[in-house]
Amino acid sequence: MVKYYGYLVSDSWLKQRALDVGHPPAKTPEDTSNMILLGSRDVMARTGVLPYTSFRRVKTPKGKYFWCIAFACDDPWEQLPTHVPPEEKYKALKEALGREGPPRWYRAI
């Protein structure tokens, strides 16, 4: 079972982020997917984490599905570090997302 170390982000937060940067409201499922990708790319780029993170779908221990902006992975084939990064690597994203603590490990789906 592959696990990712990162911050969870909901579809609704990402869609709102896309609207905030000027993307028109979604009219089709494809539009919704584009909004989610745009929202993720925007927050990752603006916080400087885009070059060393991945955007992955994960499942929480309670069985809910979210997007994860991942800094590490326990699978070396994922081309992410396998170790937890220092705080300076994720601090800007943490602040943009309004989170209190460090990222956590989540199971991939």
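Tabulated data for the structure shown
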| quantity | calculated |
| --- | --- |
| Residue among Leu37, Leu14, Leu19, Leu80 that is modelled with pLDDT of 95 or more, crowded, with 18+ Cβ neighbours inside 10 Å and outside any loop (DSSP other than H, G, I, E, B) | Leu14 |
| Failed item in (1) more than 21 Å from Val2 (Cβ to Cβ); (2) not in a helix (DSSP H, G or I), with Thr32 passing the rest | (2) |
| Test: residue in the range 91-105 that is at pLDDT 95 or above, assigned to a helix (DSSP H, G or I) and in contact with a helix residue (DSSP H, G or I) (Cβ under 6 Å, 6 or more places away or on another chain) | yes |
| Unique residue being surrounded by 17 or more Cβ atoms within 10 Å (Cβ to Cβ) and closer than 15 Å to Tyr5 by Cα when the list is Thr47, Thr53 | Thr53 |
| Candidate set: the range 83-109, residues that are closer than 13 Å to Leu8 by Cα and basic (Lys, Arg); chosen: the one surrounded by the most Cβ atoms within 10 Å (Cβ to Cβ) | Lys94 |
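The values are calculated or read from the model by the stated rules, or taken from the named source; none is laboratory data. Keep in mind that what you see is a predicted model, and the values were worked out from it rather than measured. Don't worry about glycine lacking a Cβ; one is built from the backbone with ideal geometry, like all the others, and counts go over all protein chains shown.
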